[in-house]
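J.: Can you keep this structure in mind? I'll have questions shortly.
The values are calculated or read from the model by the stated rules, or taken from the named source; none is laboratory data. This is a predicted model, so every value here is computed, not measured. Cβ placement follows ideal geometry from the backbone for every residue including glycine, while neighbour counts extend to all protein chains displayed.
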Amino acid sequence: MIATLKIPAPSVVLREALHHPHAPTVGAFAVATFALALAAWFILRNVRHNEPGLKAPAALLLALILAASGVFAAQRLSDPWRWPVGGAVCVIAASLFLFADRNRFVRDPHGEIVADRWEIVLKFARFQWTRDKANRHFFFTGDTGSGKTTGMNGLLTALMKRNPHLGGIVMANKGDEWFFIEWLAKKCGREHDLIRLHPRALDDPPGEPQHRLNVTGDVRLPFTTRARILVDTAAALNPKDERSFFKIKGAAHIGRALELLTDLKRPATATNAYMLLTSEKELKAALDKLTELEPTPRRIQLAEVLEQTYLKHEAKEQRAGEIGTSQNYLEYLGTPEVAEVFSSNAPDTCCVADVDKGKILCVDVPQDFTTERQYIFTVMKLLLYRHALRRYALPGWRKYALNQLIYVGDEFQTAITASFDGTSDFNVVDRLRDCLLMLIVSAQAFESLVPPQTKEQAEVLALNLKNLFMYRAASEADAFRCANALGKRWVERASRTVHLDHTAYTYSRAEEFRIKPHEFRNLSDHTAIVRHCTNGYKKVRLRPRGATI
């Protein structure tokens with residue numbers, strides 16, 4: 001008969017293992033192996049994904065544990081192996097310091113630390129982001145009412161708590177974002193850093209605006225760049241009606257008008273440029289004043305070009321077309337209520353460069369101004385882009401020592417520009433990351449990004465928005481795109497075939513979505529699939545907290 005196999009109780013096995021002569025040696029080696037594995041995990045996540053790695057205090061602690069336990073275990077080995085194993089353990093423990101704080105600190109030419117690359121600037125949705133990861137931008141997508149806006153509010157709250165010098169621009173696309181940003185600034189003790197650019201509505205009593213910002217008054221930008229921003233913005237409002245010839249000519253005319261105003265010591269506003277381009281009397285008077293100034297080669301050339309173009313142009317039809325197009329580019333700022341804030345002759349109370357000082361500009365144009373508000377939102381976005389791109393002129397250590405900038409835009413498709421030869425979202429979004437400008441934008445679906453630009457441009461833009469918050473999909477196509485954003489995985493599939501005399505099993509490997517498209521269509525409100533740019537994805541529920549808008 002077969003003897004019955006008796007398995008001892010776990011307590012008996014544990015007691016025998018603990019009383020075994022080699023138990024201390026095995027235990028010490030196990031502790032050393034655990035310390036080494038933990039250190040290796042920190043090192044690999046830093047080398048492979050540029051995540052925070054092995055910090056110096058942790059390296060010291062793990063090295064001491066590894067060396068102490070390893071040497072203790074080595075001393076219990078037989079004589080031929082005692083010293084080689086102990087020496088090898090000590091060498092491995094010492095080598096941990098080679099990877100401690102690897103690529104962590106940014107230093108100036110004198111060796112002083114100016115920034116910490118491993119600093120966590122955002123903890124949200126059970127993920128955490130360093131500066132480099134957060135500047136790969138955030139894109140919220142989902143059906144109407146699924147919770148995109150409250151999710152953006154939660155992210156902005158978490159961001160402001162960890163970044164006391166955060167600066168940037170918040171677009172009040174829906175119209176009520178101001179109430180949330182005001183509540184958040186007071187909660188964080190930063191109400192003095194908040195600037196509201198708010199033209200008065202038609203039924204508001206007359207009065208001076210609290211803040212003014214001339215959109216063509218940035219003296220750091222060339223006149224052609226200031227003019228091109230206005231042209232690209234106007235072209236974005238009517239993308240199918242624009243011709244490159246008139247865009248180039250329009251930018252040139254507006255640039256010359258702004259330059260003439262500057263030479264005459266007059267405010268270089270879009271309103272004043274419009275007056276010069278529409279009235280020959282105004283232009284003649286301005287040129288007469290220009291001739292009274294000290295003649296310089298540039299002034300002489302400017303006067304000749306303006307006189308030849310506007311006063312002696314023989315091709316009247318072409319001249320009328322060019323000037324008319326230039327006027328169309330400027331007329332959006334001609335509304336008195338809007339001009340009081342964004343094109344005023346009075347001195348500015350703030351500028352885009354104030355974001356470097358931690359100021360947050362909330363652009364809040366009343367819903368009464370349908371076209372003007374879209375124009376202003378786009379202009380302010382392009383001005384922030386140009387300001388951020390100026391940081392490329394700084395050395396790397398100085399750039400990294402500057403504060404973090406953000407652009408917050410709900411319903412982002414209303415402010416998209418698609419100019420090939422100007423400033424557009426798709427051709428600068430990849431460069432904004434190195435300028436420490438973070439985009440936090442939303443749209444109902446990828447298809448929402450296509451009307452303002454071509455599908456290829458929308459693809460380029462979407463590819464650079466790496467941190468995704470995907471709520472309930474608005475369409476089947478969007479559900480498939482969300483599933484594709486998470487990628488696929490290999491799965492083992494088995495099939496069984498039953499015959500009369502036997503059963504056959506067949507195994508195969510196939511790819512399938514990590515989360516299937518139909519699951520994105522069935523997400524509940526305030527539930528999102530969050531894809532971190534490097535650390536995978538999670539399904540989280542982002543409940544509204546605090547003030548809601």
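J.: If I go through segment 451-469 residue by residue, how many of them are surrounded by 22 or more Cβ atoms within 10 Å (Cβ to Cβ) and in a helix (DSSP H, G or I)?
T.: Adding up the residues that qualify gives 2.
J.: Could you list, in sequence order, all residues of segment 72-96 that are of a type outside the set (Gly, Ala, Ser), without any contact (Cβ under 8 Å) to a residue 40 or more places away in the chain and under 18 Å from Ala37 (Cα atoms)?
T.: Val85, Cys90, Val91
J.: Of the residues that make up segment 442-450, is at least one among the hydrophobic types (A, V, I, L, M, F, W, C), assigned to a helix (DSSP H, G or I), in contact with a helix residue (DSSP H, G or I) (Cβ under 9 Å, 6 or more places away or on another chain) and surrounded by fewer than 20 Cβ atoms within 10 Å (Cβ to Cβ)?
T.: no
J.: While we're looking at this one, here's another question. Can you give me the number of residues within segment 135-148 that are at positive phi and out of contact with any Phe, Trp or Tyr (no Cβ under 8 Å at 6 or more places or on another chain)?
T.: 2
Residue by residue, here is whether (1) out of contact with any strand residue (DSSP E or B) (no Cβ under 8 Å at 6 or more places or on another chain); (2) among the small types (Gly, Ala, Ser); (3) at positive phi; (4) modelled with pLDDT of 90 or more holds:
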position	(1), (2), (3), (4)
Ala418	yes, yes, no, no
Gly422	yes, yes, no, no
Arg431	yes, no, no, yes
Pro452	yes, no, no, no
Glu459	yes, no, no, yes
Ala462	no, yes, no, yes
Met470	no, no, no, yes
Arg489	no, no, no, no
His499	yes, no, no, no
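J.: Another one. State all residues of segment 258-313 that are of a type in the set (A, V, I, L, M) and in contact (Cβ under 8 Å) with a residue 40 or more places away in the chain; if no residue qualifies, say none.
T.: Of everything in segment 258-313, those that are of a type in the set (A, V, I, L, M) and in contact (Cβ under 8 Å) with a residue 40 or more places away in the chain turn out to be Leu258, Leu260, Ala268, Ala270, Ala273, Leu277, Leu302, Val305, Leu306.
J.: What's the total number of residues in segment 149-197 that are surrounded by fewer than 17 Cβ atoms within 10 Å (Cβ to Cβ) and on the phi > 0 side of the Ramachandran plot?
T.: Adding up the residues that qualify gives 2.
J.: Show the residue pairs meeting these rules: Cβ distance below 6 Å; 6+ apart or different chains; first residue within segment 524-543 and closer than 9 Å to Gly147 by Cα; second residue of a type in the set (Asp, Glu).
T.: none
J.: Of all the residues that make up segment 366-377, how many are in contact (Cβ under 8 Å) with a residue 12 or more places away in the chain and either touching a Ser or Thr at 6+ places or on another chain (Cβ under 7 Å) or under 26 Å from Leu389 (Cα atoms) (or both)?
T.: Selection size over segment 366-377: 6.
J.: Assess whether Gln367 counts as being at pLDDT 95 or above, out of contact with any strand residue (DSSP E or B) (no Cβ under 6 Å at 6 or more places or on another chain) and farther than 30 Å from Ala483 by Cβ.
T.: no
So that you can scan it fast, the table gives a plain yes or no per residue for (1) part of a loop (DSSP other than H, G, I, E, B); (2) out of contact with any helix residue (DSSP H, G or I) (no Cβ under 6 Å at 6 or more places or on another chain); (3) among the hydroxyl-bearing types (Ser, Thr, Tyr):
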| position | (1), (2), (3) |
| --- | --- |
| Tyr375 | no, no, yes |
| Trp397 | no, yes, no |
| Asn403 | yes, yes, no |
| Val408 | no, yes, no |
| Arg433 | no, yes, no |
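J.: While we're looking at this one, here's another question. Name the pairs whose Cβ atoms lie under 8 Å apart, with the first residue in segment 336-357 and assigned to a helix (DSSP H, G or I), the second basic (Lys, Arg), and 6 or more positions between them or separate chains?
T.: Glu337/Arg200; Glu340/Arg200; Glu340/Arg212; Val341/Arg212; Phe342/Arg212; Ala353/Arg220
J.: Right, something else. For segment 141-181, how many residues are outside any helix (DSSP H, G or I) and not hydrophobic (A, V, I, L, M, F, W, C)?
T.: 16
J.: Taking Ala251 as the residue in question, decide whether it is surrounded by 14 or more Cβ atoms within 10 Å (Cβ to Cβ) and assigned to a helix (DSSP H, G or I).
T.: Against the criterion (surrounded by 14 or more Cβ atoms within 10 Å (Cβ to Cβ) and assigned to a helix (DSSP H, G or I)), Ala251 qualifies.
J.: Here's another thing I want to ask about it. Is it the case that segment 359-367 has a residue that's touching an Asp or Glu at 6+ places or on another chain (Cβ under 7 Å) and in a helix (DSSP H, G or I)?
T.: No.
J.: Could you check how many residues of segment 382-395 are aromatic (Phe, Trp, Tyr) and outside any helix (DSSP H, G or I)?
T.: Residues that pass the stated criteria total 0.
J.: Would a scan of segment 80-92 turn up a residue that is in contact with a Pro (Cβ under 8 Å, 6 or more places away or on another chain) and not acidic (Asp, Glu)?
T.: no
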